[in-house]
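Working notes for the structure below.
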Amino acid sequence: DFTIIYLGLAYSYEGDARAFPSGVAWVMLVLTLLDLVSRSKTNMGVLILRLLNPAGQEEGPARGIKVPAAKQIIAILWIFGFAVLLFVTGILPAVPIYAFVSMRFRSKLSFMLSASVATLITLAIYLLFGLALRINFYQGIFFEY
């Protein structure tokens, strides 16, 4: 299993370098176990499913609803478009563009709300990863130096 391999690799790092990858691996392991148990038809599985994913229950309102293939393809194309945007422009320009466009045109939110949330998302990413963690952002193929 990928999670166990990842956990083993995380513990091969020294001291502080292993803190983040091992934490991610442990969270992945717990979530994987919860997912496996929730898929079982046992009392514990049904309880976990009811508590953590009510929409996943067989009697839930979402069961039986068919999503047209065109909508599924459009959803995949949105993700593909975001991946291309990331590749071309880099992280900091791509995130607010995608957030704004998807909120404005897919969710039909107001211009101001879409722009505000896109700005806040970008600011949070920059403050957390750029300033606090000092991670260099991918610049994209057009802005690489």
Checked against the positive end of the charge dipole of the chain (+1 on Cβ of Lys and Arg, -1 on Cβ of Asp and Glu, about the Cα centre), the farthest of MET44, ILE76, PRO96 is ILE76
On the accessible surface of the stretch 1-127, probed at 1.4 Å with all protein chains in place, carbon and sulfur together account for a percent value of 74 percent
Computed over the chain, the relative contact order (Cα-Cα under 8 Å, seq sep at least six) in percent reads 16 percent
Among the DSSP H helices of the chain, those whose Cα atoms extend at least 18 Å along the helix axis and whose mean Kyte-Doolittle hydropathy is 0.0 or higher are 19-38, 69-89, 111-125
Over the chain, the sum of -39500 (n - 2.57) across DSSP H runs of at least four, divided by residue number and rounded to 500 deg cm²/dmol, gives at 222 nm -19000 deg cm²/dmol
Counting only protein heavy atoms and rolling a 1.4 Å probe, one gets per residue an accessible area for the stretch 1-123 in Å² of 73 Å²
For the stretch 74-136, shape from the Cα gyration tensor axes a ≥ b ≥ c, cut at a/c of 1.5 then a/b versus b/c, turns out oblate
Counting every C-alpha pair in the chain, the percent lying more than 19 Å apart is 73 percent
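The values are calculated or read from the model by the stated rules, or taken from the named source; none is laboratory data. Because the structure is predicted, anything quoted here is derived from the model rather than measured. Here the Cβ is made from the backbone with ideal geometry for all residues, glycine too, and neighbour counts use every protein chain on show. Calculation scope for accessible area: heavy atoms of the full protein, side chains included, ligands and nucleic acids excluded. Shrake-Rupley method; radii C 1.70, N 1.55, O 1.52, S 1.80 Å.
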